[in-house]
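Notes follow once the structure below has been shown.
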Amino acid sequence: MARIGVFVCHCGSNIAGTVNIAQVMAAAQTMPLVTFVADNKYSCSEIGQTAIREAILKQKLERVVIAACSPQMHEATFRKTVAQAGLNPYLLEIANIREHCSWVHSNDKAAATKKAIELVKMAVAKVARHEALFTKEIGLTKKALVIGGGISGIQAALDMANAGYPVILVEREPTIGGRMAQLDKTFPTLDCSSCILTPKMVEVAQHPNITLLTYAEVKSVRGFVGNFEVEILQRARKVDASKCTSCGICWQKCPEKIPAEFNLGLGPRAAIYTPFPQAVPNIPSIDLAHCRYIKYQEFVARGEEGKKPPQCRICERLCPPQAIDWEQSDQVLVEKVGAIVVATGYQTFDHTRYGEFGAGRYPDVITGIQLERLLSASGPTEGEVVRPSDGTHPKTVVFVSCVGSRDERMGRAYCSNVCCMYMAKQAILLKEHDPEVQSYIFYIDIRAGGKGYEEFIRRAQEEARAIYLRGRISHIYQDGKKLIVRGEDSLLGRPVEIAADLVVLATGIEPSAGAKELAQSLNISYDAHGFMVEAHPKLRPVESRTEGIFLAGTAIAPNDIPGCVAQGSAAAVKALAVLSRPSLVSDPMVAIVDPLRCTGCFACQRACAFNAIDSQVTRDGKTIAVVNESLCKGCGLCVSACRGVAMNLKGFSQQQLLAEVNALWR
Amino acid sequence: MNQAIRDKAKELLASGAVSCVIGYDVGSDGINARPFFAYTEEEADGLAFDQTCTHNLVKYLIDRAGKATAIVVKPCDARALTVLINEKQVKREEVFIIGAVCHGIIESTWGQKGSDLQGRCQTCTQHTPLVYDLLVGEPMAEPTPKAPLDHRAATLANMSVAERAAFWAEQFQRCLRCNACRQVCPGCYCAECFVDQLDPEWVGIRIDLPEKWLWNTIRAFHLAGRCVGCDECQRVCPVNIPLGLLNHKLEEEVATLFDFRPGVKADVPAPLETFKKDEKLGIGE
Amino acid sequence: MALDYQPKIVGFLCNWCSYAGADMAGTSRLTYPPNIRIIRVPCSGRVDATLVTKCFQQGADAVLVAGCHPGECHYSEGNYHARRRFTVLRELLSFLGIEKDRLRLEWVSAAEGKKFSQLVSEFSAEIAHLGPRKDNGKAAGGSL
């Protein structure tokens, strides 16, 4: 017979304001095996926890129910509390009477109280069936993986490497640097983006603790905290990195020219290329889709009739160290790591979905990031801001905010966070480049909450003389050389029409392509847009719900550079807190086989997604199932697959769940 | 046919290839077949097969694990055997399968031979077992169903929910909880059936409608995607609960939803042990 | 008359998505009717058909099983198994005289507090409208 103690938390007025605590306590007194009932103003406070510990000792309690907030909130806290009083930490059950009761039934106090009583009754019935569970120590790989080599990933990798732990940094593009490398200057200080970023990129490349894999992708992740096994696809560059001296002859001489992705199509690149001059590593890659020799090989392989295309191979002939390696092929690397930081970043919204802005038809309607490339001294125009259509200098520039942000029509209810600030920055820079430029900025609201941000907006208005117009744009169309921008000034309540030379769309932020698929293979949650979901939006902002996997940067939500850097560092600290432990503790809530009930049908094995079911031969020669506890993740799929209840799940056993169901009708 | 079975049985027993042949002999009423275990060549002379061989014998193989055994199977029994092999209860290499070409089993009572085919045999589409080591009897063209399913299935489908509930309450009310349906079922081989378990206690001890309802519901569900439709459960039910109706309902659901017939293929998981990522099942959508 | 009926609904919610989604509904103070009793499970795939059937045997008016959206299961595949299992169980129960609408499988993510609250509101109303169960499995239960 177990002695069960029930502690009902007021949570200030969060619970007590809706649920009648006295009635819940009175009902708990009558529940089977309950020998002690008490309430706490705040159970999670030190006073509350002390009261629970004292009651356990004084009342000789053997099991504890705490009726309070969600177990997702404080189960871990209270497990420690009861353990300090000498109880097994797993002899605790939480009745969630806040998130699932008082907060959602505030309109009906009587019903909320009745429900709270039932929730406590279920918890009491369940805890009576709890068993003491014991953790085990397991080893871990003291190495981290960072996915994404933008500023967030770079920061995380450097912080962990500087703490003395080996780090693998995987970047999909041929270079690290991410979106920040494309920016000209950064708000609100106007420091040159590449001047502050490049040294960090070089530091990554030269760091003895960092293995940098660019042009590579994470294909699959298996395992669990401390013991992940990662498959990384290293794509073939067709260039031998050990021979290449980064002289640049290959890409200068390559005859094939295609629009450069890095410059958003505003300038050309060769088929063998580095995305930009300061790329890290500065090893060119051959773009297989465009290389003439590859096309020639494919033509020959198809065995088609007709004139063969040229073989080209100019890069191969001209390369001084003979670094071109046509035989190089994609490779799959398998790495073991203990913690993972996901920093997969963002891409910009596809503005061509807006028909009213020309759907991409007008060359002089460009995006904010295209303007960054035009402003950049290392950009396609070497810093001359010119119109893509005719190369003239624009004098009237209109900015359109919230393109793909705060727009339910496009399925984008959220704010992209950085657009207000970068529009202001670009207006200031345009004025610096050419004092004759007049900028008009159409906005919905000005979001300038960061340090020095509001002042920066004022600077755009006062120094750069940018004219801010509150309202949406209804239509843009070409009229001769001008772009006519029609909109509304909602403050004056009248239509506006501006004849512009250049229109800049402040396109919003969305998760990188492939982020969802990556999240799926990592088993971490993502929201409807594909942004990764934090373990807790306020208190665990850089942790995923999966232990050992951490998040940073715009993979979580739109963010600016200081925010991303802070998250990179924060995720690094969280990962280091895993890696620096001598060993990890296993979760004891795993499956277990009753050898007397098992008939060896292995339905469990067929259901298990983690290969956690092995077979063993008993002394009487029967082959039955056995759980490999280090692989079991505790999902309980095997339990549902087992008709004979030979399989059970510790912590969520058939007995425990059945007790909860039965309690509802007792 | 009988001779072919006896010859093979003798040969297998003589050579030591098997230590037992499980089949049928003529029962004590001189008419109806009964299960028969031949351990010697002499005993093998008793083996016989005719249209009264209603029993599904494959369940006996589970207790013969580790000992080579020959068994006489009808097409439906062969499907049940494949299920047991898939579920690792029987090792294929330990069994010599004597497949009997089956013309259907007739309704028969003690001491009296009937003339009508059993309901399950009227809808059956197999004369020849899908798996065997030796086939006895003359192979023939596979039949087309001779009669519709139990007419009550269609009637039930057209009933209102309340009427269906009332129909089953009437049926289950008769249940004695004798568990004969389970004992005879080749798919029911759990070491301790959920209905017998005291911890967890799924089904209470009362012989009361809710407990009978739970037992009969879960018995049927545990066979979803596994029941081969041999209808042995229904045959042995002392109070004539139409258990086959439930089994067939699930058999048809599984066939429609997952394009799956139990016991047809070896080495494929039962539909409730697997999934397809992109399937649309009309739930959770 | 039927709308005055207060149904009793059991909800099996997976720990990673739907339970957190229900928490999110609470954190966002989105009210819904007090008819549901939530049981936390690690995964929708953990919910045994016997447990759900037991709820109906005991007299539940309806059962909700909720898990992560397809492709988002914390254990990669549990919800796919749940999908098959409850599709079949629902057919069986309907054949036995329990309306299909009384067993629901839904996907609710950790971010979908609003969806959860709407789901429970809608489900509670629907079941209240259906009224008490019509099968005798409940009516004949001595303890009910």
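Where a number appears in this text, it was derived from the coordinates with a stated rule and is not lab data. What you see is a predicted model; the values in this text were computed from it and never measured. When we count neighbours, we look across all protein chains shown, and the Cβ atoms used for this are built from the backbone with ideal geometry, even at glycine.
Tabulated values for the structure
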quantity: By average C-beta atoms within 10 angstrom, highest first, the peptides C:15-24, A:137-146, A:40-49; calculated: C:15-24, A:137-146, A:40-49
quantity: Point-charge dipole on Cβ atoms (K/R +1, D/E -1) for the protein assembly as shown, about Cα centre, debye to 20; calculated: 1500
quantity: Furthest towards positive pole of dipole, A:66, A:16, A:36, structure part region A:4-127, Cβ charges; calculated: A:36
quantity: Charge tally in the Cβ shell below 13 Å around residue A:184, where Lys, Arg are +1 and Asp, Glu are -1, residue A:184 excluded; calculated: -1
quantity: Theoretical FRET efficiency, 1/(1+(r/R0)^6), r = Cβ-Cβ of residue C:129 and residue A:23, R0 41 Å, to 0.05; calculated: 0.85
quantity: Anisotropy class of the protein assembly as shown from Cα gyration tensor, a/c 1.5 cut; calculated: prolate
quantity: Overall form of region B:122-255 per C-alpha gyration tensor (a/c, 1.5; a/b vs b/c); calculated: oblate
quantity: Backbone N under 13 Å from the residue A:393 label point (7 Å along Cα→Cβ), restricted to region A:480-507; calculated: none
quantity: Span-rule helices in chain A, defined as complete DSSP H runs reaching 24 Å or more along the axis (Cα) with Kyte mean at least 1.0; calculated: A:561-579
quantity: By average C-beta atoms within 10 angstrom, highest first, the peptides B:229-242, C:47-60; calculated: C:47-60, B:229-242
quantity: Mean separation of Cα contacts under 8 Å (6+ apart) over length of chain A, as relative contact order %; calculated: 13
quantity: Prolate/oblate/rounded label for region A:1-82 (Cα gyration tensor, a/c 1.5); calculated: oblate
quantity: Kirkwood hydrodynamic radius over Cα pairs of chain B, then Stokes diffusion coefficient at 20 °C and 1.002 mPa s, in µm²/s; calculated: 106
quantity: Where N is the number of residues in chain C, Cα Rg divided by 2.2 N^0.38 Å; calculated: 1.01
quantity: Averaged over A:100-112, number of beta-carbon atoms from partner chains that fall within 10 Å; calculated: 5
quantity: Two-site label geometry, residue B:197 and residue B:256: point separation in nm, points 7 Å out along Cα→Cβ; calculated: 3.1
quantity: Averaged over C:103-111, number of beta-carbon atoms from partner chains that fall within 10 Å; calculated: 4
quantity: Projected-area average for region A:249-323 over all orientations - Cα convex hull basis, square nanometres; calculated: 5.8
quantity: Expected 222 nm ellipticity per residue - DSSP helices of 4 or more, -39500 (n - 2.57), all of chain B, to 500; calculated: -9500 deg cm²/dmol
quantity: Contour minus Cα-Cα distance for residue A:219 and residue A:408 (0.36 nm per residue); calculated: 64.7 nm
quantity: Span from the region A:110-179 Cα centroid across to the region A:414-448 one, whole angstrom; calculated: 38
quantity: Charge sum, other residues only, whose C-beta stays under 9 Å from residue A:91's C-beta, Lys/Arg counted +1 and Asp/Glu -1; calculated: -2
quantity: Shielding by partners, peptide B:202-209 (average Cβ within 10 angstrom, other chains); calculated: 4
quantity: Residues residue A:334 and residue A:594, FRET efficiency given R0 of 41 Å [Cβ-Cβ distance, rounded to 0.05]; calculated: 0.70
quantity: D_trans [Stokes-Einstein, Kirkwood Rh over alpha-carbon pairs] for region A:350-510, 37 °C, 0.692 mPa s, µm² s⁻¹; calculated: 209
quantity: Selected from B:165, B:221, B:108, residue furthest toward positive end of dipole (chain B; charges at beta carbon); calculated: B:165
quantity: Leading residue at positive end of dipole, region A:204-360 (Cβ point charges), from A:281, A:339, A:354; calculated: A:281
quantity: For peptides B:125-132, A:147-154, A:498-505, sequence by mean Cβ density within 10 Å, most packed first; calculated: A:147-154, A:498-505, B:125-132
quantity: Formal net charge of residues neighbouring residue C:39 (Cβ-Cβ distance under 11 Å; K, R +1; D, E -1); calculated: +3
quantity: Chain A: calculated mean residue ellipticity at 222 nm from DSSP helix runs of at least 4, using -39500 (n - 2.57); calculated: -8500 deg cm²/dmol
